[in-house]
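Visitor: Here it is, the structure in full.
The values are calculated or read from the model by the stated rules, or taken from the named source; none is laboratory data. As the structure is a prediction and not an experimental result, all values here were calculated from the model. A quick note on method: Cβ atoms are made from the backbone with ideal geometry, for glycine too, and the neighbour counts reach across all protein chains shown.
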Amino acid sequence: MAADADTGQSSYFVREIEKNDGCVLKMNQCYKGDVGCVVWDAAIVLAKYLETKQFYEPAAGVNAWAGRGVLELGAGTGAVGLMAATLGAHVIVTDLEDLQTLLKVNIQENQALITSGSITAKVLKWFCTLIESIMPLVESLKQLAGPETCIICCYEKRTEGVNPKVERQFFELLQQYFSCEEVPLEKQDPEFRSPDIHVLHVRRKV
């Protein structure tokens, strides 16, 4: 566990995410840092969506994630990727160089919960600022997505500043190459969902 050089205190504080089987993901977050250093509500909504019954119901023999390859872009703390790995997926979580230490701390913290899956952290930089991120993100998705790829996108709708403009421009560009289907609230986790947080399935157009 990292400690502040001046105070000797931990640089992290923990947010817990309880899984449906009762196990708990312990996500370290940074007291100081950029947006990727904390667990956002949208990350929890998406993580819990991965273990809804349509994907994961062991009693019925359902596990859509077992052996599946998963790549997470902009992983931040790694909450979503770690959830997928605990469900049996083979995951690569990616983010900027500055976030690799935090990702690796969280992987180590939760390693005991990963039995049949796996998870690795790697550097992937595709943007500098929010506005500059639109085209590089769509280009990255075009390069990474094959005809059978399902991209699951989750975001919280924000109305302040440049956010509405960025959201509109992103989806205008994305829909030139991909089809988007929003997941209704009733198909999301009954507790961890919100009208302000949107989950979409995105696929390459044929």
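Visitor: Please state which one of Tyr56, Tyr12 is touching a Leu at 6+ places or on another chain (Cβ under 7 Å) and of a type in the set (Phe, Trp, Tyr).
Guide: Tyr56
Visitor: Pairs please, first residue from region 30-46 and farther than 14 Å from Thr101 by Cα, second anywhere and in a helix (DSSP H, G or I), Cβ atoms under 8 Å, 6+ apart in sequence or on different chains.
Guide: Partner pairs satisfying both residue conditions: Val39/Ala79; Ala43/Ala79; Ala43/Val80; Ile44/Ala79; Leu46/Val80.
Visitor: Let me ask you something else. Being loosely packed, with under 12 Cβ neighbours inside 10 Å, closer than 20 Å to Asp41 by Cβ and among the charged types (D, E, K, R) is the filter here, so list the residues in region 148-162 that pass it.
Guide: Glu160, the sole residue that qualifies.
Visitor: In region 170-192, which residues are in a loop (DSSP other than H, G, I, E, B), in contact with a Lys or Arg (Cβ under 8 Å, 6 or more places away or on another chain) and either more than 23 Å from Ile134 (Cβ to Cβ) or in the same structural domain as Phe55 (by TED's automatic domain parsing) (or both)?
Guide: Gln188, Asp189, Glu191, Phe192
Visitor: Do we find a residue being small (Gly, Ala, Ser), in contact (Cβ under 8 Å) with a residue 12 or more places away in the chain and farther than 18 Å from Lys125 by Cα anywhere in region 71-78? If you could, list the steps in order and put the result at the bottom.
Guide: Of region 71-78, the ones small (Gly, Ala, Ser) are 74-76, 78.
Checking the rest, the ones that are also in contact (Cβ under 8 Å) with a residue 12 or more places away in the chain come to 74-76, 78.
Those left that are additionally farther than 18 Å from Lys125 by Cα: none.
Checked against the condition, which is being small (Gly, Ala, Ser), in contact (Cβ under 8 Å) with a residue 12 or more places away in the chain and farther than 18 Å from Lys125 by Cα, region 71-78 yields no hits at all.
Visitor: In region 154-178, how many are β-branched (Val, Ile, Thr) and free of Cβ contacts under 8 Å to residues at least 24 places away in the same chain?
Guide: 1
Visitor: Specify which of the listed residues (Thr115, Thr120) is modelled with pLDDT of 95 or more, in a strand (DSSP E or B) and not aliphatic (A, V, I, L, M). Give the steps one after another, and end with the answer.
Guide: Numbers: Thr115 fails: in a strand (DSSP E or B).
From the options Thr115, Thr120, the qualifying one is Thr120.
Visitor: Scan region 179-206 for residues that are in contact (Cβ under 8 Å) with a residue 40 or more places away in the chain, within 17 Å of Leu137 (Cα to Cα) and more than 18 Å from the chain's Cα centre (by Cα) and report the count.
Guide: The qualifying residues number 1.
Visitor: In this structure, does Leu144 turn out to be touching a residue at least 40 places away in the same chain (Cβ under 8 Å) and in contact with a Ser or Thr (Cβ under 7 Å, 6 or more places away or on another chain)? Working first, answer last.
Guide: Details: touching a residue at least 40 places away in the same chain (Cβ under 8 Å): yes; in contact with a Ser or Thr (Cβ under 7 Å, 6 or more places away or on another chain): no.
No.
Visitor: Suppose we filter Ile114, Ile119, Ile151 for residues that are free of Cβ contacts under 8 Å to residues at least 60 places away in the same chain, within 30 Å of Pro58 (Cα to Cα), in contact with a helix residue (DSSP H, G or I) (Cβ under 7 Å, 6 or more places away or on another chain) and in the same structural domain as Arg203 (by TED's automatic domain parsing); which single one remains?
Guide: Within the list Ile114, Ile119, Ile151, the selection yields Ile151.
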